[in-house]
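For reference, the structure is listed below as structure tokens.
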Amino acid sequence: MAASLPPFTYLAPASLGEALDALQAPGAVPFAGGTDLLVRLKRERREAAASPSTLVDIKCLTEAQGIVASDGGLRIGALVTAAQLAEDALVATQAAALAEAARATAAPALRRRATVGGNLCTPHPAGDVATALLALDAEVEVATPAGREYMPVESWLDRSTMVAPARLVLAVWIPPLSGSAFVKFGPREAFCRALVAVAVARTTQEVRVALGGVASRPVRARHAEKALAYGATLAEALARDCSPPSDEQASSHYRLLLAETLTRRCLASLDAAMRNR
Amino acid sequence: MQAVSITVSVNRHEYRLSVPPWWTAAEVLRNMLALPGTKIGCEIGECGACTVLVDGEPLLGCLLLAPEMDGHHILTIEGLAESGLTPLQQAFLDEAAFQCGFCTPGMILAAMAIPANADERAIREALAGNLCRCTGYASIVRAVQAISRSA
Amino acid sequence: MDPAVGVSVQRADGPAKVRGAALYPQDLPLPPHCLHAAIVRSPVAHGLLRGVDAASALAVPGVVRVLTWHDVHGSNRYGLIEADQPVLADDRVRTCADPVAVVVAETEQAAKEAAQRVQVEIVPLPVLTDPAQACAPDAPIIHPEREPIGQHPNIVAEMEVCRGRPEHVAKRAPIVSEGVYETGWVEHAFLGPEAGLAVPDEDGCLTLWVATQWPEEDLRQAAVALGEPLERLRLRQTAIGGAFGGREDISLQILLLLAAREVHAPVRMVWDREESIRGHGKRHPCRMRYRLAASNDGELLALHAEILADAGGYASTSAAVLTNAVTQAAGMYAIEHVAVRGRVVYTNNPVTCAFRGFGVNQVTFALEQQINKLAAQLKQSPLALRLRNLPLAGEPIVPEQPVGPDAHGMKCTLLRATERADAMPLPRDEGAWRHGRGLACAVKNVGYSLGFDDHATAEVVLGREKALVRVGAAEVGQGAETVLAQIAAETLGLPVTAIRLEWQDTCAAPEAGSTSASHQTFVSGNAVRLACMRVARMADDLGGREALPPAGIVARETYHAPRTSSQPGAGAAHYAYSWAACVADVAVDVETGKVRVLRIVEAVDAGRVINPLLFRGQVEGGVVMGQGYALQERFHVRNGVPLTTTLGECCIPTAVDAASCIEVVTVETPDPNGPYGARGIGEVTMLPVVPAITAAIHSATGAWIDRLPATPERVLAACANRDMGIAGDAMDALKHAAGR
């Protein structure tokens, strides 16, 4: 039998310290649900491309688990799965966009493994959870050998290397907000990556819009946010927020059109939900 | 590259295995334990044919690493019924909820997680990750509903 | 004795499949000292092969041999119709999938690693990608070694069917409706990737364990390629992970047998999904132009159709696909003046091959859409227009194909489908959702056509209380094993449980032809029935069943399907048909173009139904496959290189996509020649779904989608461009009249 994965060393550290040490070695990567990592490794093996040599299984780390309320917001461990997000009562009330994004991700068996951290670490135009976290203005808690770092999820997604050596996403912090919603549009009704996804969030001060599928990473649509606040043309603003590609899947024009329609719908959905509370 | 030792219960038998850590659970089941009922349809989590029950939950065997099997209870299609057929397997027979049968093991195991009396929408969503090219899914939904009715 | 035909007998292979005990080729236990093979394929879509350097590959520990075309001692060409396809590339490569070498090694690991190290030296040639350019004077010639047919060497086949004076009549007709239609490649996406095991015995005979559609044809092609007598080859069929036409062509059979013979050891090969997608053919992309000429009250006067299909780099069954398309381009309508021209051409795109419907999907989409457009133009109901143009008994449908007294089956499917559909109104439009209903119908030939001797042989061993039936009909998931047993049971007056079927071994079961063309029930069913009748008569002659010897008595019969004409347009091209009519209800989100299929009503006449439960499964499966083809399935190719490489990218329907309300209406017009009146169900179920859906989209939005798949972007664009000449109330009238 030919194994589908390339050979690697497997480590299962018992503590965060051990994990960070292990991740310092060249070719070491964190391994949680594996729904992106293992697929990538299999492809690299088929293509005879270089692969990481050490998988560091972080699933034991308590620092990265759990969903707790904190200061009106939430701390969500990086190991929390999409399935858990979809079922959690706190997430449902305080970060509805995240629950909706998690429910729309992949398929049931994959949702039991796909983690918040994983979605933040795999570069993709349209990670559902990543898009929601962007609108929620989440903060990413990162463990490094030098201590904890906190940065806006937007900065984390902007970094050119998604998985820097010896940095581990431990959690995301969701600040308090009034409400949020998420909408996904894909090439089929289930079990697909989004063609375009939109997440919106309202606080007492502002409305935030995040778009997936219009760039190489999910992006905040700041021009659109201003347009919504000041009543300017949404389509024009969105065209300034992103230049989506044209490819076999869809044209740039259609992606922008979807972004506009889905943004309106997402807001309408949010406003209806907030009225019903 | 070291092999890892795992202790895993598969179909109610306990096994002590020494496996390369880069083997997937599906590969262990098929190639070490001679349980070919778990099918490989795509290898990358896009078809659901390799679904197995891990501590009662449907997971994809192609994306689970061998070391992760340690300490868990795994049921494959071969071990689903302790004897004879489970009501769900019988329902699949009665409704002819299969044709070529390749997706069938994964489909049955995924269906094990569907709560009784789930409505049709919920049934279809629970099976969204299990592709079938032959049946059009209608007979599969009927088989699951037949169980719900009789439960 | 209880009847066995018309009963929903449980499938014989059911218990094994639900227990996970059915063995597919990749599940077979490995024989001792089994070696493993991996294929090296062309890195480019078109090029001259200068050399294959296996030195680095041979240096990989565990590698035993690297085979190239020099090791092909028979003929290095195979093919189902034309032997134009190399077992291993010799002078040139013509697609990205062309096998160039096979590595045989002690482990699968080593074979795959070594395969990556084989150096293939190719001088690239210009790549021909557009079938419309294939016959241009400066087009690259894909098969310079081949004797050209027609005016250009890139023509694989062309065909014309003409009747009456269509040009003349069309010029004078008061109403003309025309359109151009385009369909793309589609991947079969059967769930079980290809795999096989070839085992030599001490005498040098070779056994191939594989899942396939026509075992004897696989062996015949292998025998020629290997230069091996056919009697020394044996094929044993395992369970099959679906086919839909995608296992008709040779995939790994010849290479495995070649490898096993060269290394004198068992050799195994398992394809992963990527290789499966790359390694087997696709549905033919087609460009079609249709023109209907009619009278003011909707009588079809003339039909013109032009069809251009892309064969890819090798001929495969393209000529037969074209034949099917051309002879069924006029569907089930009695049109006096017809001109259909079709051509299928070589390109460097992926090879196209058999796929459920075999060319008739594409023309059905174009024809039915054109009929629906005509109905809209005439402000007639799509049902009335069709009924008006159905043939009377004896009147020909496709040119010179006389329809027997069973013609009313076609009318029945239309009436019953619309009647059932009308029982439920469309939901009200809400928000951005517009609802629409569309109607279409289809005819599909059963069996091999145009003079082919379609036949099967069955052998029956009758005992006092049981019978053994040997017939080599490949089971492809549809339940042939069960259906044939039912036919045997009915004929012998035995319970189905008393019948055992042996079909998997070419050394034990007589040849039953290909499992394709929806014809196993018909041809093998008749062979089984005849053999059972004969053996039953023999038993009577001996004094009855109780008088039979313990070993039983044997009878063997070959059934030949009714002869068809080898000249298109001069006599019956096909010997049987099945028909189907479909009403589709859709909801279209006019702000995004997304289409949801709410309900499909399909009335099918495939003659007498042998097993209602299995029949229903075939209809539901075909409907969802049609839905996928209409709305979401895609396969992208650029410069001859497939961009679609994973199952996810093919985008087949999930359980959530599939229409949740599929109503099956069974019409049983017995076929005079089919076993107990049965015809064939395998393909027709898919055909009317596509145009019914596009008609429903039009009903909802006023927009015609002439290009498949009708993706949301295409639907939205069509809505934006639609003919604003149709006034609102007329559109409403059309929408609600769709079923009348």
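Taken together, the values in this text are just the output of simple stated rules run on the coordinates, not laboratory data. Since the model is a prediction, treat every value here as computed from it, not as a measurement. Cβ placement follows ideal geometry from the backbone for every residue including glycine, while neighbour counts extend to all protein chains displayed.
Give the lysines whose C-alpha is closer than 19 Å to that of C:K379, dropping any in the same chain fewer than 8 places away, or say none. The reachable lysines, counting only those whose Cα sits under 19 Å from C:K379, are C:K735. The phi-based Karplus calculation (6.51 cos²θ - 1.76 cosθ + 1.60; θ = phi - 60°) puts the 3J(HN,Hα) values of segment C:461-475 at 10, 9, x, 5, 10, 9, 8, 10, 10, 10, 8, x, 6, 5, 7 Hz, whole numbers, x for Gly and Pro.
Relative intensity of segment B:4-79 on a log10 scale, I(q)/I(0) at q = 0.20, 0.25 Å⁻¹, equals -0.74, -1.21, per a Debye sum over C-alpha point scatterers of equal strength in the absence of solvent. The calculated FRET efficiency for the pair A:A273 and A:E18, based on their C-beta separation and a Förster distance of 41 Å, comes to about 0.40. With contacts taken as Cα pairs under 8 Å at a separation of at least 6 residues, chain A carries a relative contact order of 16 percent.
By the helix-only formula, in which each DSSP H run with n ≥ 4 contributes -39500 (n - 2.57) and the sum is divided by residues, chain A has a 222 nm mean residue ellipticity of -10500 deg cm²/dmol. In this label model, C:A547 and A:D71 are separated by 10.0 nm, measuring between points 7 Å along each Cα→Cβ vector. Placing +1 on the Cβ of every Lys and Arg and -1 on the Cβ of every Asp and Glu, with no other charges, gives the protein assembly as shown a dipole of roughly 1780 debye about its Cα centre.
B:E68: net charge of surrounding residues, Cβ under 9 Å, Lys/Arg +1, Asp/Glu -1, itself excluded? With Lys, Arg at +1 and Asp, Glu at -1, the neighbours total -1.
Karplus-derived 3J(HN,Hα) values for segment B:28-45, using 6.51 cos²θ - 1.76 cosθ + 1.60 with θ = phi - 60°, are 4, 4, 6, 9, 9, 9, 6, 10, x, x, 7, 9, 9, x, 8, 6, 10, x Hz; glycine and proline are entered as x.
The Rg/Rh ratio for segment C:265-416 is 1.10, where Rg is the radius of gyration of the alpha carbons and Rh is the Kirkwood radius. For the residue pairs A:K42/C:K112; A:K42/C:K17; B:K39/C:K282, the alpha carbons lie more than 18 Å apart in A:K42/C:K17; B:K39/C:K282. For segment B:4-79, the Cβ-based charge dipole about the Cα centre amounts to some 220 debye (Lys, Arg positive; Asp, Glu negative; other atoms uncharged). Considering only alpha-carbon pairs that sit under 8 angstrom and 6 or more positions apart, the relative contact order computed for segment A:179-275 is 27 percent.
Centre-to-centre separation between the Cα atoms of segment A:223-271 and those of segment C:572-590: 39 Å. Short to long, the 10 Å bins of the Cα pair-distance histogram for segment B:87-150 hold 25, 64, 11 percent of all pairs.
Note on chain C: antiparallel DSSP beta bridges, both residues inside, total approximately 75 percent of the bridges counted. Can you tell me the FRET efficiency between C:D422 and A:E236 if r is taken as the Cβ-Cβ distance and R0 is 51 Å, rounded to the nearest 0.05? Efficiency at R0 = 51 Å is approximately 0.60. For C:C661, the amide hydrogen comes within under 5 Å of the amide hydrogens of C:I600, counting only partners 5 or more places away or on other chains and with H modelled in the peptide plane. Convex hull volume of the C-alpha atoms in segment A:179-275, normalised per residue: 94 Å³. Segment A:9-57 has equivalent-ellipsoid semi-axes of 22, 12, 6 Å, by the square roots of 5 times the alpha carbon gyration tensor eigenvalues, sorted largest first.
Charge dipole of chain A (Cα centre as origin; +1 on each Lys and Arg Cβ, -1 on each Asp and Glu Cβ, all else neutral): 560 debye, rounded to the nearest 20. A cut-off of 5 Å between modelled amide H atoms, ignoring neighbours fewer than 5 places along the same chain, links C:V64 with C:V104, C:A105, C:E106.
Across chain C, Cα pairs under 8 Å and at least six residues apart give a relative contact order of 16 percent. What base-10 log of the normalised intensity I(q)/I(0) is obtained for the protein assembly as shown from the Debye formula, alpha carbons as equal point scatterers, at q = 0.06 Å⁻¹? Scattering profile of the protein assembly as shown, log10 relative to I(0): -0.49. Take the Cβ atoms of C:H73 and C:N639, set R0 to 35 Å, and the FRET efficiency comes out at 0.50. Cα centroids of segment C:217-282 and segment A:42-103: 45 Å apart. Reducing segment C:1-19 and segment C:671-711 to their Cα centroids gives an inter-centroid distance of 29 Å.
The aspartates and glutamates within cross-link reach of C:K411, meaning a Cα-to-Cα straight distance under 17 Å and a gap of 8 or more places when in the same chain, are C:E299, C:E368, C:E395, C:E419, C:D422, C:E602, C:D605, C:E668, C:D671. Across segment B:92-107, rounded Karplus estimates of 3J(HN,Hα) from the backbone phi angles (6.51 cos²θ - 1.76 cosθ + 1.60, θ = phi - 60°) give 4, 5, 5, 8, 6, 8, 6, 9, 6, x, 5, 7, 4, x, x, 5 Hz, Gly and Pro being marked x. Between C:A573 and C:S565, the built amide H atoms are under 5 Å apart, and every one of these is 5 or more places off in sequence or on another chain.
Spin-label pair C:V123-C:R388: with each label point 7 Å from Cα along the Cα-Cβ axis, the two points sit 6.3 nm from one another. From its DSSP helices (H runs of at least four residues, each -39,500 (n - 2.57)), chain C gives a residue-normalised ellipticity at 222 nm of -8000 deg cm²/dmol.
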